[in-house]
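One structure below.
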Amino acid sequence: MAKRVVLAYSGGLDTSVAVRWIQEEWGAEVVALAADVGQGGDFDAVRERALAAGAVEAVVVDARREYADEFVAPAIRANALYEGKYPLVSALSRPLIARHLVRAAREHGADAVAHGCTGKGNDQVRFEVASRALAPDLEVLAPVRVWGLTREQAIEYAHRFDIPITVTRAKPYSIDANLVGRAIECGEMEDPWAAPPEDVYELTRPVAAAPAEPRELVVGFERGVPVSVDGERRSLHELLPRLDEVVGAYGWGRLDMVENRRVGIKSRETYECPGALALLRAHADLESITLERDLMREKARLEPRYAELVYDGLWFSPLKEALDAFVESSQEHVSGEVRLRLEPGRCFPNGRRAPASLYDYELATYEADDAFRHDDAAGFVRLWGLSVETWARRQRGVDG
Ligand code: ARG
């Protein structure tokens, strides 16, 4: 059994109880690690709470820049949307947190890492697979998966051991948030027919409350990475909150879907990711003028696979690494700007430009500048259709 454990600590009920429970039941010391990935909140208070719950050490890491640059940016370059929709809010943060758990385990001489996930979700998969990929020698513990406490019993446990918890209003939601957006589960939304209540949203306004006046934003990219808004250079961890605010105000960026978890369950998910979805849209649009046709199509074929790997906890895996190399190569010329137009309930590109654009005015135009070789078209089209023509003559029958 482990002697010293680094626990991924959120400051919530389950991980607070876990700090004590691991000591009581497994006799191991607990180092709590809280990572700031842009979820907001008071991390001094989180640190205090971990120590009050009995942690021998509480570490807070501001991982916002690292998260944005090393996890969110690659996902944007890959146009990664799980099942065509979900921009991987929780899936992107877990491998980063796992990396910090492993790092802290080395620093603090721990022989195990731990997380507060249940047995029904994807996050346990992501923590554990990432941790094993980075440090196969470390044990991975999942107290919440084995203790079998109901929410009430967990609260009782906290009271019994004087563990400070912020017992929130009886909102039954499970929320996970970071720079990419917010995931909201449980409560009435467990019925996939029930509409999500308006008060689950924090980053997006209802469409009816959006400004009536449309607005345009120019997003700048360098090699596929967002680097500016309206000409102002900002790093990605600053751009995302800024875009959440502007785009969310227009009532755009919500998702309501039933998705396939890795553990075999279909689950109803509500997300709001206005900034990240706007960037993904702008990025894909910039690729439409900067990626050569075959490259663009092959990339499009690989993108769902990329998203699946990330969703399934395989951030650190050989296939993911190989796909990253492909994506990296594909982004060489994906630099330029996309203009996004915001209208109530809408966000869409209405202009794009790039120094290495493949859009050639003289080839595309119907005006006098036309440089396209029209005569070449006749022979090309004849040969293109030759096999079909032969089929029609020999097999289909002229009348058919
Ligand atoms: N279903 C999403 C995913 O698997 C969101 C998970 C949210 N996590 C949470 N602990 N509430 O990525």
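The values are calculated or read from the model by the stated rules, or taken from the named source; none is laboratory data. All figures in this text were calculated on a predicted structure; none of them were measured in a lab. Positions of Cβ are backbone-derived with ideal geometry, glycine not excepted, and every protein chain shown enters the neighbour counts. The area values use the complete protein model at the heavy-atom level, side chains included, leaving out ligands, DNA and RNA. Shrake-Rupley method; radii C 1.70, N 1.55, O 1.52, S 1.80 Å.
Residue-wise test of (1) hydroxyl-bearing (Ser, Thr, Tyr); (2) part of a loop (DSSP other than H, G, I, E, B); (3) in contact with a Ser or Thr (Cβ under 8 Å, 6 or more places away or on another chain).
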{"residue": "Phe316", "(1), (2), (3)": "no, yes, no"}
{"residue": "Leu323", "(1), (2), (3)": "no, no, no"}
{"residue": "Pro349", "(1), (2), (3)": "no, no, no"}
{"residue": "Arg352", "(1), (2), (3)": "no, no, yes"}
{"residue": "Ala368", "(1), (2), (3)": "no, yes, no"}
{"residue": "Ala377", "(1), (2), (3)": "no, no, no"}
{"residue": "Val381", "(1), (2), (3)": "no, no, no"}
{"residue": "Arg393", "(1), (2), (3)": "no, no, no"}
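When residues of the range 122-137 are filtered for being part of a loop (DSSP other than H, G, I, E, B), within 16 Å of the ligand (Cβ to nearest atom) and under 19 Å from Arg4 (Cα atoms), how many remain?
0
What number of residues within the range 38-70 satisfy the criterion of being touching a His at 6+ places or on another chain (Cβ under 9 Å), more than 23 Å from His159 (Cα to Cα) and not in a helix (DSSP H, G or I)?
Matching residues across the range 38-70 total 4.
For every residue, the table says whether it meets (1) touching a Ser or Thr at 6+ places or on another chain (Cβ under 8 Å); (2) in contact (Cβ under 8 Å) with a residue 40 or more places away in the chain.
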position: Val125; (1), (2): no, yes
position: Glu128; (1), (2): no, yes
position: Arg160; (1), (2): no, no
position: Ile163; (1), (2): yes, yes
position: Lys171; (1), (2): no, no
position: Ser174; (1), (2): no, no
position: Val200; (1), (2): yes, yes
position: Val207; (1), (2): no, yes
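Select from the range 138-176 the residues that are within 16 Å of the ligand (Cβ to nearest atom) and assigned to a helix (DSSP H, G or I) and write down the one among them that is farthest from Ala105 (Cα to Cα). Lay out the reasoning, then the answer.
Quick first cut of the range 138-176, residues within 16 Å of the ligand (Cβ to nearest atom) only: 142-145, 151, 154, 168, 171-176.
Narrowing further to those that are assigned to a helix (DSSP H, G or I): 143-145, 151, 154.
Numbers: Pro143: 17, Val144: 20, Arg145: 21, Arg151: 29, Ala154: 26 Å.
The selected residue is Arg151.
Pick out the one residue from Gly40, Gly109, Gly119 that is farther than 24 Å from Ser267 by Cβ and within 16 Å of the ligand (Cβ to nearest atom).
Within the list Gly40, Gly109, Gly119, the selection yields Gly40.
Write out, first by first residue and then by second, each pair whose Cβ atoms fall under 8 Å of each other, whose residues are 6+ apart or on separate chains, and whose first residue, in the range 77-106, is closer than 26 Å to Glu287 by Cα and outside any helix (DSSP H, G or I) while the second is open to solvent by less than 10 Å² (accessible area, probe 1.4 Å) and of a type in the set (Lys, Arg).
Close Cβ pairs satisfying both conditions: Asn79/Lys299.
Kindly provide the set of residues from the range 265-303 that are open to solvent by 70 Å² or more (accessible area, probe 1.4 Å) and within 16 Å of the ligand (Cβ to nearest atom), ordered by number.
Of everything in the range 265-303, just one residue is open to solvent by 70 Å² or more (accessible area, probe 1.4 Å) and within 16 Å of the ligand (Cβ to nearest atom), namely Lys266.
Restricting to the range 180-199, name every residue that is outside any strand (DSSP E or B) and hydrophobic (A, V, I, L, M, F, W, C).
Val180, Cys186, Met189, Trp193, Ala194, Ala195
Among the residues of the range 244-263, write down those that are part of a loop (DSSP other than H, G, I, E, B) and either open to solvent by less than 30 Å² (accessible area, probe 1.4 Å) or under 18 Å from Pro344 (Cβ atoms) (or both).
Tyr250, Gly251, Trp252, Gly253
So which residues in the range 189-209 are within 16 Å of the ligand (Cβ to nearest atom) and more than 29 Å from Val246 (Cα to Cα)?
If the condition is that a residue be within 16 Å of the ligand (Cβ to nearest atom) and more than 29 Å from Val246 (Cα to Cα), then Glu190, Pro192 are the ones that fit.
Determine if the range 21-30 includes at least one residue that is more than 19 Å from Asp111 (Cα to Cα) and modelled with pLDDT of 95 or more.
So far as the range 21-30 goes, no, none of its residues is more than 19 Å from Asp111 (Cα to Cα) and modelled with pLDDT of 95 or more.
Can you name every residue in the range 249-282 that is farther than 26 Å from Gly121 by Cβ and more than 15 Å from the chain's Cα centre (by Cα)?
Listed by number, the residues that qualify are Ala249, Tyr250, Gly251, Trp252, Ala282.
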